[in-house]
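Here the structure comes first, spelled out in structure tokens, and everything after it is commentary.
The values are calculated or read from the model by the stated rules, or taken from the named source; none is laboratory data. Predicted, not measured: the structure shown is a model, and the values here were computed from it. Methodologically, a virtual Cβ is constructed for each residue, glycine included, from the backbone with ideal geometry; neighbour enumeration extends over all protein chains shown. Surface accessibility is based on the protein's heavy atoms, side chains included, excluding ligands, DNA and RNA. Shrake-Rupley method; radii C 1.70, N 1.55, O 1.52, S 1.80 Å.
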Protein chains: 2
Amino acid sequence: MRNIKLIVEYDGTGYCGWQIQNPKIKSQNPKIKTVQGEIEGALKKLLGEKVNLVGSGRTDAGVHALAQVANFKTSSTLSLERIRKGLNGTLPGDISIKDASLAPDDFNARFDAKYKAYRYAIRNSSDAPAIGRFYCVHVRHPLNISLMRREGSSLLGRHDFSSFRLSGSSISDPVRTIKKLSVMKRASEVFIYIEADGFLYGMARSIAGTLIDIGRGKTGRGSIKRIMGSRRRAAAGPTAPANGLTLMRVAY
Amino acid sequence: MRNIKLIVEYDGTGYCGWQIQNPKIKSQNPKIKTVQGEIEGALKKLLGEKVNLVGSGRTDAGVHALAQVANFKTSSTLSLERIRKGLNGTLPGDISIKDASLAPDDFNARFDAKYKAYRYAIRNSSDAPAIGRFYCVHVRHPLNISLMRREGSSLLGRHDFSSFRLSGSSISDPVRTIKKLSVMKRASEVFIYIEADGFLYGMARSIAGTLIDIGRGKTGRGSIKRIMGSRRRAAAGPTAPANGLTLMRVAY
């Protein structure tokens, strides 16, 4: 059995996230589409066998990925290039396999992930964007970028991120380490980059929503420290919409 | 009567171009949507009168615009800000009015345009893009960017661009002046910027298609001069797909 690693780009607009829904939800709405489900379906057609695709982590409905990582084991002898091309020939245009490579037998895309990087994209202008509107959120109020940067730096390091976690996760340990956090501005586009050893459920979007509130002047200096210290989700800002978020990289 | 100038951003994916189709085509397919038609419809609702919206020029089906310019005359006394906001409240998400301003009585968005700038976007990679796939075309073969630049520079200046014009235009004079032409590369994205005092029908896409062929090595050095000299459309490369093209700016 070969262990094959895929790098996957997807436009999450039309999907209920990465992960196949549990059978109960699926039976209520059989039309629910997931990225994992589409790729597993394409692999079954191509390889003639049912495989189990392991992603580095789930992404929520509407969230995009430039380089999601996943792996699967197969007894097929098809070349890696034919697997990549075969998948791209079958998959819809909003999913693209950027690379297929051979991984060590024990490689697991989920458990071996060391760092992940997300980008949150904002169009900060009086008018809503038409072009690229599925890849960013529109914020009308002018953002104070330097305040967002200063407050964002309080998130760096190892912390209890309970305040930035949505309910519905099964993982109990709320401690994560943020390695990098930057706020970039290019014309009317603002990007929040976050690199961490792991993200709690809804963490990237909760941080983005909170930093946007800070940028708008809803709360002042010291907000992040206060919010983090409270360990209550209610203390933080809103969860920013899914379509602004893109998984950029997974490091192993 | 005030003369009002609009700056319009649109995602052309869902439209049969800027310009309202003639009644004959429209009667055959009443579902045909145009950007001009949508804005005129929204203006009628907002102002309670039928206005004639003049665009700087038509853009083809599927072509985008970051800053199309249009004007209309109205007897309404609504403030400019209320016109802009009212339009954005009525228009679908793929059309956004970025600015509404008062223009001189004799301003005409079409006849007064001095220069226009278009950008043609290419994703040059072995895999097709998923994110942003409606805003670029995918070219699998590696492109020779320096050759594209060198050949592109032969297009600069005042020339007969008959070789880069599609049939179906009513304008007879094929002479135009290209002020700037640049080929930029950023990671796997390649952009062709063209600034000219006017564009013949299909000219931007014909130039893009020809430069892509040159970049792929289909024809060598001196191709552009030879093609331009022949004054025959058949001598040039294919017309590149509409979704890669965006109208960036109109100067008056």
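Looking only at the stretch B:89-112, how many residues end up being more than 21 Å from the chain's Cα centre (by Cα) and surrounded by fewer than 19 Cβ atoms within 10 Å (Cβ to Cβ)? Matching residues across the stretch B:89-112 total 7. Criterion applied to B:VAL183, B:VAL139 was being under 30 Å from A:LEU87 (Cβ atoms), among the β-branched types (Val, Ile, Thr) and in contact (Cβ under 8 Å) with a residue 24 or more places away in the chain, and the one residue passing it is B:VAL139. Taking the numbered list (1) away from chain B (no Cβ under 13 Å); (2) closer than 28 Å to A:THR239 by Cα in turn, A:VAL51 passes all entries but (2). Here B:GLN36 fits the description: without any contact (Cβ under 8 Å) to a residue 40 or more places away in the chain and either within 14 Å of chain A (Cβ to nearest Cβ) or closer than 24 Å to B:ILE194 by Cβ (or both).
So that you can scan it fast, the table gives a plain yes or no per residue for (1) more than 10 Å from chain A (Cβ to nearest Cβ); (2) in a loop (DSSP other than H, G, I, E, B); (3) under 23 Å from B:ARG232 (Cα atoms):
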site	(1), (2), (3)
B:ARG82	yes, no, no
B:ASN88	no, no, no
B:ALA109	yes, yes, no
B:ASP112	yes, yes, no
B:ARG150	yes, no, yes
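For the stretch B:229-246, the count of residues that are within 14 Å of chain A (Cβ to nearest Cβ) and part of a loop (DSSP other than H, G, I, E, B) is nonzero. Is there a residue in the stretch A:134-148 that is farther than 22 Å from A:ILE212 by Cβ, assigned to a loop (DSSP other than H, G, I, E, B), under 21 Å from the mean Cα position of the chain (by Cα) and of a type in the set (A, V, I, L, M, F, W, C)? Checked against the condition, which is being farther than 22 Å from A:ILE212 by Cβ, assigned to a loop (DSSP other than H, G, I, E, B), under 21 Å from the mean Cα position of the chain (by Cα) and of a type in the set (A, V, I, L, M, F, W, C), the stretch A:134-148 yields no hits at all. I want to confirm something. Restricting to the stretch A:90-107 and keeping residues that are acidic (Asp, Glu) and within 14 Å of chain B (Cβ to nearest Cβ), which single residue is farthest from A:TYR10 (Cα to Cα)? In this case the residue turns out to be A:ASP99. Taking the listed residues B:LYS5, B:LYS44, the one that is among the charged types (D, E, K, R) and part of a strand (DSSP E or B) is B:LYS5, with no other qualifying.
In summary, A:LEU66 fulfils each of the numbered conditions (1) touching a Pro at 6+ places or on another chain (Cβ under 8 Å); (2) open to solvent by 30 Å² or more (accessible area, probe 1.4 Å) with the single exception of condition (1). The residue that is least open to solvent (accessible area, probe 1.4 Å), among those in the stretch A:114-146 that are over 23 Å from A:GLY217 (Cα atoms), within 14 Å of another protein chain (Cβ to nearest Cβ) and among the hydrophobic types (A, V, I, L, M, F, W, C), is A:ALA130.
When the criteria are applied in full, B:GLY48 meets the requirement of being out of contact with any Pro (no Cβ under 7 Å at 6 or more places or on another chain) and touching a residue at least 24 places away in the same chain (Cβ under 8 Å).
Would you please name the residue that is nearest to the chain's Cα centre (by Cα), looking only at residues in the stretch B:152-191 that are in a helix (DSSP H, G or I) and closer than 18 Å to B:GLY222 by Cβ? The qualifying residue nearest to the chain's Cα centre (by Cα) is B:PHE164. Looking across B:ARG176, B:ARG205, one residue alone is in contact with a Leu (Cβ under 9 Å, 6 or more places away or on another chain), among the basic types (Lys, Arg), modelled with pLDDT of 95 or more and surrounded by 21 or more Cβ atoms within 10 Å (Cβ to Cβ). It is B:ARG205. Is it true that B:SER126 is at pLDDT below 95 and either touching a strand residue (DSSP E or B) at 6+ places or on another chain (Cβ under 7 Å) or part of a loop (DSSP other than H, G, I, E, B) (or both)? Yes; evaluated as a whole, the condition is true for this residue. Selection of the stretch B:208-252 for residues being free of Cβ contacts under 8 Å to residues at least 60 places away in the same chain, open to solvent by 40 Å² or more (accessible area, probe 1.4 Å) and either among the hydroxyl-bearing types (Ser, Thr, Tyr) or touching a helix residue (DSSP H, G or I) at 6+ places or on another chain (Cβ under 6 Å) (or both) yields B:THR219, B:PRO238.
With the condition kept exactly as written, say whether any residue in the stretch A:47-56 is under 14 Å from the mean Cα position of the chain (by Cα) and buried (at least 17 other Cβ atoms within 10 Å of the Cβ). Yes, some residue in the stretch A:47-56 is under 14 Å from the mean Cα position of the chain (by Cα) and buried (at least 17 other Cβ atoms within 10 Å of the Cβ).
For A:LEU66, the criteria (1) more than 22 Å from the chain's Cα centre (by Cα); (2) within 14 Å of chain B (Cβ to nearest Cβ) hold in every case but one, which is (1).
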